[in-house]
Amino acid sequence: QVQLAESGGGLVQAGGSLRLSCAASGRTFSRYTMSWFRQAPGKEREFVGTINWSGDTTSYADSVKGRFTISRDNTKNTVYVQMNSLKPEDTAVYYCAARDEFAISVWKQQYTYWGQGTQVTVTS
């Protein structure tokens with residue numbers, strides 16, 4: 001069982017930056033693939049990016065590629081997403097998710113554990 005807790009959301013102007021954190025409970029964090037998803041009002045939850053268990057493989061949605069960077073610190077049971085050059089269309093609730101598989105995945109249905117989410121609002 002893994003419990004996830006996101007933090008770091010807030011209000012930022014377009015062009016600004018935020019770093020979200022996701023702290024995980026449990027002793028087996030290092031074997032989990034971790035991902036970030038987001039959900040804007042009235043829209044489906046969508047994939048943002050993912051990182052494998054060791055941190056040496058990442059993948060991103062085209063909409064955030066080159067602006068967002070996911071990293072993890074297995075000694076702290078934490079995964080991060082650094083978000084730069086934020087745009088109003090990045091406004092959403094951001095969720096971290098975990099799956100107990102070594103292979104990365106972009107499909108939300110393949111993630112077992114979810115955090116409660118943190119709001120990111122980007123103003124123009």
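The values are calculated or read from the model by the stated rules, or taken from the named source; none is laboratory data. Source: prediction; values computed, not measured. When we count neighbours, we look across all protein chains shown, and the Cβ atoms used for this are built from the backbone with ideal geometry, even at glycine. For the accessible areas, the whole protein counts, side chains as well, though only heavy atoms, and no ligand, DNA or RNA atoms are used. Shrake-Rupley method; radii C 1.70, N 1.55, O 1.52, S 1.80 Å.
Skip the ligands, DNA and RNA, and give the accessible area per residue of the chain with a 1.4 Å probe, whole Å².
In whole numbers, the chain has 52 Å² accessible per residue.
Over the chain, calculate the relative contact order: mean separation of alpha carbon pairs under 8 Å at least 6 apart, over the residue count, as a percent.
36
Based on DSSP, what percent of beta bridges with both residues in the chain are antiparallel, to the nearest 5?
90
Amide H neighbours of E101 under 5 Å, at least 5 residues apart or on other chains, H built in the peptide plane: list them.
Residues meeting the amide H criterion: T33.
Rounded to the nearest 0.05, what FRET efficiency do T75 and L11 have when you use their Cβ-Cβ distance and R0 = 35 Å? Before the final figure, lay out the partial values.
On the way: r = 31 Å, r/R0 = 0.89.
Rounded to the nearest 0.05, the efficiency is 0.65.
Quick check on region 1-75: take the gyration tensor over C-alpha atoms, sort the square-rooted eigenvalues as a ≥ b ≥ c, and tell me if it's rounded (a/c under 1.5), prolate or oblate. Intermediate results must be reported in sequence, preceding the final value.
Working: a/c = 1.68, a/b = 1.52, b/c = 1.11.
It is prolate, given that a/c is not under 1.5 and a/b is the larger ratio.
Using Cα centres only, tell me the gap between region 38-53 and region 69-124 in whole Å.
Going from one Cα centre to the other spans 7 Å.
Dipole size in debye (nearest 20) for the chain around its Cα centre, Lys and Arg Cβ +1, Asp and Glu Cβ -1?
120
Please go through the residue pairs K65/K87; K76/K108; K43/K87 and name each one whose alpha carbons sit more than 21 Å apart in this structure. Intermediate results must be reported in sequence, preceding the final value.
Numbers: K65/K87 13 Å; K76/K108 24 Å; K43/K87 17 Å.
Too far apart for the 21 Å limit: K76/K108.
Computed from the mean reciprocal separation of all distinct C-alpha pairs, what Kirkwood hydrodynamic radius does region 16-124 have, in Å?
The Cα-based Kirkwood calculation yields 13.8 Å.
Evaluate the relative contact order of region 17-69 (contact order divided by residue number), counting alpha-carbon pairs under 8 angstrom at least 6 apart; express in whole percent.
25
If we count every other residue with Cβ under 15 angstrom of K65's Cβ, Lys/Arg +1 and Asp/Glu -1, where does the sum land?
Working: positive: R38, R67, K87; negative: E46, D62, E89, D90.
Result for the local shell: -1.
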